[in-house]
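Read-outs: derived from the displayed coordinates by stated rules, not from any lab. The structure presented is a predicted model; accordingly, all values stated were derived computationally and were not measured. Backbone-built Cβ (ideal geometry, glycine too); neighbour counts: all protein chains shown.
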Amino acid sequence: MSLRDKFTGTGIAIVTPFNEDGSIDWASFSNLIQFWIKGQVEYLVVLGTTGESATVHGKEKQEVFSFVAKDVAGRKPLVAGIGGNDTHEVIEGFKKFDLKGYDAILSVSPYYNKPNQEGIFQHYKALNAATPLPIIMYNVPGRTGMSVTADTQLRIAHELKNIFATKEASGNFDLINQLIKNKPDDFMVISGDDPITLQMIAAGAEGLISVVANAYPLEYSNMVRLCLKGDFDTAKPLHYKYIDIIASMFAEGSPSGVKAYLSEMGLCKNTFRLPVWKVSEKHQQKIRELMKTV
């Protein structure tokens, strides 16, 4: 199966479930994996931002990678989140993690340091030379503090052939249009924003790495498949059905919002690692009301 076949459609940036003492809740993790697979999504992204990757380190990170690979057992393609703001450390992660069972790596653009565009390109050039797997780059300026411009992403797409896709979460349609218009044919643009996925696919994106599909995998992945077929008339009611749900998942931070939904569904505990914290009781009540609508 080609990379395009594997990663067209809906991937989930999966949560990492925790117990009240902060340890990983492996039983809930296994139940969630079965829920997502039954939800017919195309692939899973492990230890991205939604998986609280910033507070899962070293040996424990390997345990998560290995657990998911074993539990999925080849039923879905897998993407490992390995990124950071220290290029050397990211490359060391490429070397030390056992990524058996994984098909690609998701690597966020460097955050906090605020490198210029040449620094971002050189970061990805170094990753391109060292990677054991194909890479999906990730532009999310709302979290990193720096956008990877269309020119830089196109330079990466044309010159760095181990980087086959971008998860584009800038929300900037000027950037998105230039990127889709001028990219190589074999380079994939994947939405990183649930609420504008329909519009991005209409513009030429090839799917989504989703937060909302953690809780609503079946209908949301069906919506994406309808968009990819060009059946926007059928897709639009599903798109609008989840607009308020999606907004509520981000209103008091993510993954706080999506775990609030999953806890209401009985799929995992409403627990996190600091500094992430659960949503307010007022917002939790709003979520309960929104859940009744779907």
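Longer than 21 Å from Cα to Cα, which of 95/161; 6/95; 76/181 are they? Say none if no pair is. The answer is 6/95; 76/181.
Comparing mean-square fluctuations of 274, 78, 218 from a GNM of the chain with C-alpha springs under 10 Å, the top value falls on 274.
Using Cβ point charges alone (K and R +1, D and E -1), the dipole size of the stretch 3-230 about the Cα centre works out to roughly 500 debye.
Taking a point 7 Å from the Cα of residue 100 along the Cα-to-Cβ direction, none of the residues of the stretch 29-53 has its backbone N closer than 14 Å to it. Here's the picture: charge each Lys and Arg Cβ at +1 and each Asp and Glu Cβ at -1 in the stretch 104-243, and of 156, 220, 191 the one pushed furthest to the positive end of that dipole is 156.
Roughly how many debye, to the nearest 20, is the charge dipole of the stretch 138-220 about its Cα centre, given +1 on each Lys and Arg Cβ, -1 on each Asp and Glu Cβ, and no other charges?
Rounded to the nearest 20 debye, it is 200 debye.
Can you list the aspartates and glutamates whose alpha carbon is less than 18 Å from that of residue 236, not counting same-chain residues fewer than 8 positions off? Once the sequence-local aspartates and glutamates are set aside, what remains near residue 236 is 193, 194, 206, 219, 244. Only Cα pairs within less than 10 Å get springs; with that Gaussian network setup on the chain, which residue of 114, 59, 259 has the largest fluctuation? The residue that fluctuates most here is 59. Diffusion coefficient of the stretch 1-67 by Stokes-Einstein, Kirkwood radius over Cα pairs, 4 °C, 1.567 mPa s: 101 µm²/s.
Translational diffusion coefficient of the stretch 93-193 at 25 °C, 0.890 mPa s, Stokes-Einstein with Kirkwood Rh over Cα pairs, in µm²/s as a whole number. Write out the running numbers ahead of the final one.
On the way: Rh = 13.7 Å.
So the translational diffusion coefficient is about 179 µm²/s.
If each Cα of the stretch 175-294 is one equal point scatterer, what is log10 of I(q)/I(0) from the Debye formula at q = 0.19, 0.21 Å⁻¹? Ignoring solvent entirely, the Cα scatterers give -0.99, -1.11.
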